[in-house]
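Note sheet for the following structure.
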Amino acid sequence: MPWRKAGVHHSNNEIYIDIVEEIDAIVDGTGNVISADVAGSIQAQSNLSGVPDLLLTFKDPDVIDDCSFHPCIRYARYEQDSVLSFVPPDGNFELMRYRVRPGVAQGFSPPVYCQPQLGYGETKDGSTLDGRITLNVGARSISSLIFSASRRGPLIVEDVAIVIPFPKVVRTANLSANMGIVVYDEAGKVAKWVIGKLDEKMRPQLTGTMVVDGIRRPDENPPLTVTWKIPLASASGLSVSGLSISGERYKPYKGVRNITKSGRFQVRCV
């Protein structure tokens, strides 16, 4: 058993399991999802004494399409029963990676909307172009995410941030936001707007102007990248139905949760 040292001892025996799902998506400027794909991983933190033998069972294993495992997993048992049987390494490790069946991502409705509008017009003397940007962001109470039974209170979206790349013809941009922090990188012609936590009542808005070189309008505006995270939520519905331990007499503390977050999540500009 090369992944586990002998004689492991902890004064507090506990194990934590996180099912983390990431959503790759392309969304148009009006909020329609053009494509979506879901991949997940099971992250574990094991502080268990001795040589514990664990059995993790799923509520809906049929959503798993393609997967890979930590060497501790007894693969034959998973093939037969769709359960994870293993003696864990000590500390933090990735137990499993998987992709979700393509059909599950169909009909995906994002929990966050992002509505960018970029426009350009000639200055009064007609010698240069001015640009304007407006970006509205919000949380959607109705989405396709499946929430854990332990979730309480209104929807809170965490770690919300938006990266806004500007076309090469933009010389500089002057941006402001009614909440969060926005920073413009003059050299890279990229702005990052960090909002942080977002609930359904918040109405973050970014506005600004751009100075454009010459009078040629950009052929297209690059897509925005949005990041976000929602604890106690799942994109696929995969959840843990049981986590049992054998081979040791103690009863450890067991913590299990779902987390859904953005992967490569892009929004096209109108």
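The values are calculated or read from the model by the stated rules, or taken from the named source; none is laboratory data. Values in this document were obtained by computation on a predicted structure and should not be read as measured data. Using ideal geometry, Cβ is built from the backbone for each residue, glycine included, and neighbour counts are taken over all protein chains shown. The area values use the complete protein model at the heavy-atom level, side chains included, leaving out ligands, DNA and RNA. Shrake-Rupley method; radii C 1.70, N 1.55, O 1.52, S 1.80 Å.
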Inset, instruction - Calculate the spin-label point distance for Ile34 paired with Ser82, positioning each point 7 Å from the Cα along the beta-carbon direction, and give it in nanometres. - result: 3.4 nm
Legend entry - Residue-span extension gain [Lys229 to Ala6] - 0.36 nm each, minus C-alpha spacing: 76.5 nm
Legend entry - Taking only Cα atoms of segment 160-270, radius of gyration then Dmax in Å: 21.3, 76
Inset, instruction - Please report how far the C-alpha centroid of segment 182-206 lies from that of segment 82-102, rounded to the nearest whole angstrom. - result: 35 Å
Inset, instruction - Can you spot the aspartates and glutamates whose alpha carbon is less than 19 Å from Lys5's alpha carbon? Ignore those fewer than 8 places along the same chain. - result: Glu14, Asp53, Asp90, Glu94, Glu248
Inset, instruction - Taking only protein heavy atoms into account and a 1.4 Å probe, give the accessible area per residue of the chain in Å². - result: 52 Å²
Legend entry - Options (1) 156; (2) 123; (3) 194 - which one matches volume of the Cα convex hull per residue in Å³ as calculated here: (1)
Legend entry - Pairwise FRET efficiency - Glu122 versus Lys254, Cβ, R0 = 41 Å, nearest 0.05: 0.05
Inset, instruction - Pull out the extension gain between Ser241 and Arg152, defined as 0.36 nm times the separation in residues minus the alpha carbon to alpha carbon distance; nm, one decimal. - result: 30.1 nm
Legend entry - Centroid-to-centroid separation of segment 107-168 and segment 213-262 [C-alpha atoms, Å]: 19 Å
Inset, instruction - In Å and from the alpha-carbon atoms only, list the Rg and Dmax of segment 11-149. - result: 22.7, 79
Legend entry - Violating pairs (Cα-Cα greater than 19 angstrom) within the set Lys59/Lys261; Lys197/Lys229; Lys59/Lys254; Lys197/Lys261; Lys192/Lys229: Lys59/Lys261
Inset, instruction - Would you please give the FRET efficiency between Val190 and Cys67, computed as 1/(1 + (r/R0)^6) with r the Cβ-Cβ distance and R0 = 35 Å, to the nearest 0.05? - result: 0.50
Inset, instruction - Pop out the carbon and sulfur fraction of the accessible area of segment 1-149 as a percent, whole number, probe 1.4 Å. - result: 45 percent
Inset, instruction - Determine the calculated [θ] at 222 nm for the chain from helices alone, applying -39500 (n - 2.57) to every DSSP H run no shorter than 4 residues and normalising by the residue count; nearest 500 deg cm²/dmol. - result: -1000 deg cm²/dmol
Inset, instruction - Please state, as a whole number in µm²/s, the translational diffusion coefficient that the Stokes-Einstein equation yields for segment 140-212 at 25 °C and 0.890 mPa s, with Rh defined as the Kirkwood radius across alpha carbon pairs. - result: 172 µm²/s
Legend entry - Dipole of the chain, positive end: most advanced residue of Gly247, Pro165, Leu55 [Cβ charges, Cα centre]: Gly247
Legend entry - Sequence of Met179, Met1 from largest to smallest accessible area, 1.4 Å probe: Met1, Met179
Legend entry - For the chain, size of Cβ-based charge dipole, Lys and Arg +1, Asp and Glu -1, in debye: 480 debye
Inset, instruction - Extending each Cα 7 Å along its Cβ direction at Ile26 and Arg217, get the distance between those two points in nm, one decimal. - result: 2.3 nm
Inset, instruction - Determine the share of segment 214-270's accessible area contributed by carbon and sulfur atoms, expressed in whole percent, with a 1.4 angstrom probe. - result: 46 percent
Inset, instruction - Could you pull the accessible area for Thr134 with a 1.4 Å probe, rounded to 10 Å²? - result: 40 Å²
